[in-house]
Amino acid sequence: MNQSIASLVQTLSNLLEKSSIKIALAESCTGGLLAAHLTAQAGSSRWFDRGFVTYSNVAKTESIGVSPSQIEQYGAVSEEIAKAMAQGALKHSEAQTSIAITGIAGPGGATENKPVGMVCIAWAIQKSSNPVRLIGNTQYFNGDRQAIREQACIYALDQLIQILSRPD
């Protein structure tokens, strides 16, 4: 994860273009930061479909179809909700892969079980007629609000590159 965001974006864009697939995002705690990083690259319209900033629970439900009962059961910051967000981003876009990020960037909002820096990230991949593949992961990042958001973006990109680079 020592690569710069720009080089990660370049690597991801090459993979997406080579595979002729597009990406969609569902962001909560990063508030569109990942979309900003992806669209900062010239030519991103060839592989970036759309981004959903679903900061509130209502936005998660209305924009990408996350079930209110799932949010109530697991909490907005959970791998289950990150996976539901990733799946919803695919369903509500023309993309074949997605990243979803939900977490607690701080400085407030933490609970005993969900500290500042806890970020749940999910990736969804739809290849041909196969079922959607969902992968979720929880990370604990350090630093201030901006540092946590940037680390979440770097991790999400790095992991998607690894996922897409693996043979089927």
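Each reported figure results from applying straightforward, stated rules to the coordinates on display, with no laboratory input. Model, not experiment: these values are computed from the prediction. Cβ sites come from the backbone with ideal geometry, for glycine too, and all protein chains shown count toward neighbours.
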**OP:** May I ask you to compute the full-extension gain from ALA110 to SER4, defined as 0.36 nm times their residue separation minus their alpha-carbon distance, rounded to one decimal in nm?
**Re:** 35.3 nm
Original post:
With labels modelled as points extended 7 Å from the Cα through the Cβ direction, what inter-label distance (nm, one decimal) is found for ASN137 paired with ALA36?
Top reply: 2.4 nm
Subject >> Inter-probe distance in nm under a simple model that places probes 7 Å from Cα toward Cβ, at SER20 and ARG46 >> reply: 1.4 nm
Subject >> Positive minus negative residues near ALA86 (Lys, Arg vs Asp, Glu; Cβ under 12 Å) >> reply: +1
**OP:** Determine the calculated [θ] at 222 nm for the chain from helices alone, applying -39500 (n - 2.57) to every DSSP H run no shorter than 4 residues and normalising by the residue count; nearest 500 deg cm²/dmol.
**Re:** -13000 deg cm²/dmol
Original post:
To one decimal place, what Kirkwood hydrodynamic radius in Å is obtained for the chain from all pairs of distinct Cα atoms?
Top reply: 15.6 Å
Original post:
Can you give the net charge of the other residues whose Cβ lies under 14 Å from the Cβ of SER4, counting K and R as +1 and D and E as -1?
Top reply: -2
Subject >> Within-9-Å neighbourhood charge of ALA35 [Cβ basis; K, R +1; D, E -1] >> reply: 0
Original post:
Each residue of segment 154-164 in order: what ³J(HN,Hα) in whole Hz does its phi give by Karplus 6.51 cos²θ - 1.76 cosθ + 1.60, θ = phi - 60°, with x for Gly and Pro?
Top reply: 4, 4, 4, 5, 4, 5, 5, 4, 4, 4, 6
